[in-house]
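Take a look at the structure set out below.
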There are 2 protein chains.
Amino acid sequence: MGIVLYDLAGADPDLRFSPHCWRTRMALAHKGLDVETVPWRFTETEAIADSGQGKVPVIVDQGRWIHDSWEIALHLERTYPDRPALFTGSTGVGEVQFVRAWTDTVLHPSLVPFIILDIFHGLAEVDQAYFRQSRQARFGRSLEEVAAGREERLPAFRASLAPLRSLLGMQPFVAGDRPMMADYLVFGAFQWARTSSPFELLAEDDAVHAWRARMLALFGGLAGSAACCTARPLDRPV
Amino acid sequence: MGIVLYDLAGADPDLRFSPHCWRTRMALAHKGLDVETVPWRFTETEAIADSGQGKVPVIVDQGRWIHDSWEIALHLERTYPDRPALFTGSTGVGEVQFVRAWTDTVLHPSLVPFIILDIFHGLAEVDQAYFRQSRQARFGRSLEEVAAGREERLPAFRASLAPLRSLLGMQPFVAGDRPMMADYLVFGAFQWARTSSPFELLAEDDAVHAWRARMLALFGGLAGSAACCTARPLDRPV
């Protein structure tokens, strides 16, 4: 039996938008491992209780429950060393941690206001109340206030991608010549935005845009062919 | 004969403050290579004409002139493969490029306004006119205007170190368990600030402060014992 992944889903069970789940999806594909994804909603904590906590991604691999996209990546690297490596050098130590830290402390927080209301609208009704309450408590403002003025914020957001843009002027992937875990860490954020919101964050002539296109094409278009929120205009370029 | 390094100096020839030269100093020490440093001023382009350009760091290694701290690091790694490695994996490719890109596009620009006027005051008189003119042209403002209000900017600067702080909560050095080129890239910026200005950028309880102290202690205190600008209060903790 293959690996099972509990994967955050919207009202449409095919809408899979979690940045952390996308890290895991890409890592599993990188390793060439079969996976069965189970759509999961924020409020379905009971279904993943065996993992000892209440958030996804959670995988079940040969009867073992593992949660947290980083821990899952380390598990995959240790358990399947003969498959393509996710990390260079020692597993999960090194400069890849800086990529992870930047993604978590800079990229994710700056992305949230652009997409938070679209995420909300894509959620199953049962999840909307949870999402609104937990996020409004976190931000101390309504979702609508957090989301306001995204057009005006776009130039600053694009400027904040300078390190990524500079890097991608030097090499085709974050990890170097080939995509590795470092790429999946960053890509998860952009796939989160892309699946949950029709708002286009990247200019077409941006090196980050070209890198995202390369990432969307990996593994037979795994991420590129994923369902996106229904508000997404059909004629929008990938 | 050992390697010669042309090293940016202030009015006091012992004041060596260039972030890029510090990258090279630390890389040379990491490799355990003997180096003779030659104090060099911005206006002494003739002295390094053999490098084919006009900026330092420049090294002369066995009669070969090499410039640019990154190119020098790659040269050292290729030429002295039996010495401790500066890079993990393929030389100079990989996530270390993201550390470099972040340092160059985020850390350096945000540091400049804190120290630019102190740098100016530490320069040899012959360099001051060049420095004022070139920097004012770059910023479109006087040095005094660029430098104004640094106390007010300090909280935002410290917040911008979040990725570094987060990383250093996960591992003792940017590169992992031991310092490597990734650390020297970032450290150069802090040593630049520390040698050229008495202004303290880091809070004492900051993980970045503790990491800087570890870096200052490396190689027998190479960076920790370096001369700092004379405006520096003697009782200031390292």
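The values are calculated or read from the model by the stated rules, or taken from the named source; none is laboratory data. This is a predicted model, so every value here is computed, not measured. Glycine gets a Cβ as well: all are built from the backbone with ideal geometry, and neighbour counts include every protein chain shown. The accessibility values were calculated without ligands, DNA or RNA, using every heavy atom of the protein model including side chains. Shrake-Rupley method; radii C 1.70, N 1.55, O 1.52, S 1.80 Å.
Some observations on this one:
- A:Arg212 passes every criterion in (1) more than 14 Å from chain B (Cβ to nearest Cβ); (2) open to solvent by less than 40 Å² (accessible area, probe 1.4 Å); (3) assigned to a loop (DSSP other than H, G, I, E, B) apart from (3).
- The helices (runs of 4 or more DSSP H) found entirely in segment B:8-105 that carry 2 or more residues being open to solvent by 30 Å² or more (accessible area, probe 1.4 Å) and away from every other protein chain (no Cβ under 14 Å) are B:19-30, B:69-79.
- In the set (1) under 28 Å from A:Ala175 (Cα atoms); (2) open to solvent by 20 Å² or more (accessible area, probe 1.4 Å); (3) not small (Gly, Ala, Ser), A:Arg138 fails one condition alone, (1).
- Restricting segment A:181-198 to residues that are closer than 26 Å to A:Ser90 by Cα and crowded, with 24+ Cβ neighbours inside 10 Å leaves a set whose member that is farthest from the other protein chains (Cβ to nearest Cβ) is A:Gly188.
- If the condition is being open to solvent by 70 Å² or more (accessible area, probe 1.4 Å) and charged (D, E, K, R), then segment B:107-131 contributes only B:Glu125.
- Yes/no for B:Thr103 being of a type in the set (S, T, N, Q) and either in contact (Cβ under 8 Å) with a residue 24 or more places away in the chain or closer than 27 Å to B:Arg212 by Cβ (or both): yes
- B:Val126 satisfies every condition listed in (1) touching a Phe, Trp or Tyr at 6+ places or on another chain (Cβ under 9 Å); (2) within 30 Å of A:Leu168 (Cα to Cα); (3) aliphatic (A, V, I, L, M) except (2).
- Comparison of B:Val96, B:Val58 shows that the only residue that is aliphatic (A, V, I, L, M), closer than 18 Å to B:Met180 by Cα and touching a Phe, Trp or Tyr at 6+ places or on another chain (Cβ under 8 Å) is B:Val96.
- Some residue of segment B:107-114 being closer than 30 Å to B:Glu151 by Cβ and part of a loop (DSSP other than H, G, I, E, B): no
- Of all the listed residues (B:Leu218, B:Leu167, B:Leu201, B:Leu222), the sole one being surrounded by 14 or more Cβ atoms within 10 Å (Cβ to Cβ), within 14 Å of another protein chain (Cβ to nearest Cβ) and modelled with pLDDT of 95 or more is B:Leu167.
- When residues of segment B:142-164 are limited to those that are open to solvent by less than 20 Å² (accessible area, probe 1.4 Å) and either facing chain A (nearest Cβ under 9 Å) or without any contact (Cβ under 8 Å) to a residue 24 or more places away in the chain (or both), the one nearest to the chain's Cα centre (by Cα): B:Leu164
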